[in-house]
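Step one of this worksheet: look at the structure below.
The values are calculated or read from the model by the stated rules, or taken from the named source; none is laboratory data. Bear in mind that the values here come from a model prediction, so they are computed numbers and not experimental data. Positions of Cβ are backbone-derived with ideal geometry, glycine not excepted, and every protein chain shown enters the neighbour counts. Please note that ligands, DNA and RNA were not included when accessible areas were found on the heavy atoms of the full protein model with its side chains. Shrake-Rupley method; radii C 1.70, N 1.55, O 1.52, S 1.80 Å.
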Amino acid sequence: TMAHSKALLVLENFIGGKFVPCSSYINSYNPSTGDVYCRVPDSGKEEVEAAVKAAKDAFPIWSSKSPLERSQILNKLADLIERDLEVFAQAESKDQGKTITFARTVDIPRAVYNFRFFASSILHHTTECTEMATMGCVHYTSRAPVGVAGLISPWNLPLYLLTWKIAPAIACGNTVVAKPSEMTSVTAWMMCKLLEKAGVPHGVVNVVFGTGAKAGEALVCHPDVPLISFTGSTLTAQRITEKSAPHCKRLSLELGGKNPAIVFDDADLTQCIPTTLRSSFANQGEICLCTSRIFVQRGIYSEFLKRFVAEAKKWKVGNPSDPTVDVGALISKEHLEKVRSYVKKAQAEGARVLCGEGVDSLALPTGNQKGYFMLPTVIAEVKDESCCMQEEIFGPVTCVVAFDTEEEVIERANGVKYGLAATVWSSSVGRVHRVAQRLQSGLVWTNCWLVRDLNLPFGGMKASGIGREGAKDSYEFFTEVKTITIKH
């Protein structure tokens, strides 16, 4: 009916400082109800072409601004998002399915901080200089922005991960064409409304909405986009690598993980259990840093399992806008089916599902019966070679297995294609250092999880990606370095 379609939110691309309607649209669903609630532009070559042109035109003026001028604009943008924090949090929760609590305390505050952080760090970089007295020469380096940056962000932490790319890119003086996930585009569109007020010149930030296959591909293949920063699946990253190879593009790829948590028998379980529940089920398990393989030393295995399952059962699943809810809706119907299929495979292989999917019943409020919900699910006695232990599930599912020795658990933890994050639980200082050194992982947390200092490198090894992000690393990625030699 017309009345129904009028109520739908319709997004528009943001190109050269203006909102531009698109010739075709795709549906975006509210994961907690299963209803279409938003129409997202289905952009392709033409739209990307227009956005790249706007970004190229804006580059000379933006790149010639001083770091301080850019810093002040980034801080202003942070202030404006913070002023609207509650509106952004509600929009993120509705669009993505995450709990309002998570959006309020994690997603939106971090998006604000991303701008503040790079607004600050851009003021503190120095370049290098060496002297060759015998030759009468001085060498020094100079760094300049690269040009138009192509930024492609995922659906799990929509504004959080989009701003983690936009902030360093524009702080360094680049202009950008960003493509958020077509499933979670609303907060990016809301941010575009604040750009002018923050003093971001037209064309510095352009946002083109649409699918990876159409809009993403057009961006990656565009000859005038010299660098691509992507967060998402390893499969998509392979395609990006192939498509960008003929243009010799610079790539930063932050991909999936199959992150181990290793719990030694001297771990403090009063800290370990609540934190490992969070590291398994926070944001419905839809965080690339979530732990989905928990290795517990045999001496405490049964006690750990008993306490872990008892606590997992207390996590409340339901309407994301209810502040008492711990687990919201998964992103889509297809994704929910995929996550469920892993639990079925585990059962077929003889593993034991101790709580959650297919074991406990899920009672949902009236309006949420058609939403994409799933209980936190704990699986035990899974073989290391099972797809549940090898592939990224990206849902509220975790596998708990026993181990005997330190040597053995390191080998098993490293026995997957990924290497993004790992957590180690032990009260022995020597052991945590030893194990952390040997884990093939870009990040290792010991006796904690997801404690981040944005100064330090963030990223993975092996199939978890290429490159690092952080104060120094993002600056190096988003600038071109030149060595200049002067003979006097």
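A few notes on this one:
- For region 240-369: rounded, prolate or oblate by the Cα gyration tensor [a/c cutoff 1.5]: oblate
- In order through region 147-158: 3J(HN,Hα) via Karplus (6.51 cos²θ - 1.76 cosθ + 1.60), integer Hz, x for Gly, Pro: x, 8, 9, x, 10, 10, 10, x, 9, 7, 10, x
- Entries of Lys316/Lys417; Lys249/Lys383; Lys94/Lys314; Lys214/Lys316 with Cα pairs more than 29 Å apart: Lys316/Lys417; Lys249/Lys383; Lys214/Lys316
- Degrees separating the helix 429-438 axis from the principal Cα axis of the chain, which is the longest one: 60
- Counting only alpha carbon atoms, the long axis of helix 234-244 and the longest principal axis of the chain meet at about 20°.
- FRET E, pair Glu480, Leu450, Förster distance 45 Å, beta-carbon r, rounded to 0.05: 0.85
- The distance linking region 225-240 with region 37-91 is 20 Å (Cα centroid to Cα centroid, whole angstrom).
- Area of Met190 that stays accessible when all protein chains are in place (1.4 Å probe, Å², to 10): 30
- Inter-label distance, nm, simple model (7 Å from Cα along the C-beta direction), Glu381/Leu9: 4.6
- Heavy-atom accessible surface of the chain, averaged per residue, reaches 41 Å², computed with a 1.4 Å probe.
- Projecting label points 7 angstrom from Cα along Cα→Cβ for Lys344 and Thr324 puts them 3.4 nm apart.
- Filtered trypsin sites (Lys or Arg not before Pro), region 36-98: DSSP coil and at most 13 other beta carbons within 10 Å: none
- By a 1.4 Å probe calculation restricted to protein chains, Arg438 has an accessible surface near 110 Å², given to the nearest 10.
- In this simple spin-label model, placing a label point 7 Å from the Cα along the Cα-to-Cβ direction at both Lys18 and Cys248 gives a separation of 3.7 nm.
- 0 to 90° range, to nearest 10: angle between helix 85-96 axis and the chain longest Cα axis: 60
- Karplus-based coupling profile of region 356-370, in residue order and whole Hz: x, 3, x, 10, 10, 8, 10, 9, 10, x, 3, x, 10, 4, 9, with θ = phi - 60° in 6.51 cos²θ - 1.76 cosθ + 1.60 and x standing for Gly or Pro.
- Answer label, with Rg and Dmax of the Cα atoms in Å calculated from the coordinates and candidates (i) 23.0, 74; (ii) 21.1, 67; (iii) 23.4, 83: (iii)
- In order along region 127-139, the phi-based Karplus estimate (6.51 cos²θ - 1.76 cosθ + 1.60, θ = phi - 60°) of 3J(HN,Hα) comes to 9, 9, 8, 10, 10, 10, 4, 5, 8, x, 10, 10, 10 Hz; Gly and Pro are listed as x.
- Efficiency of FRET from Cβ geometry, Arg352 and Val429, R₀ 30 Å, rounded to 0.05: 0.30
- Share of carbon and sulfur in the accessible heavy-atom surface of region 259-446 [1.4 Å probe, %]: 49
- Loop sites here are GluC sites (Glu not before Pro) outside DSSP states H, G, I, E and B with no more than 11 other Cβ atoms within 10 Å. The longest part of the chain free of them is 129-384.
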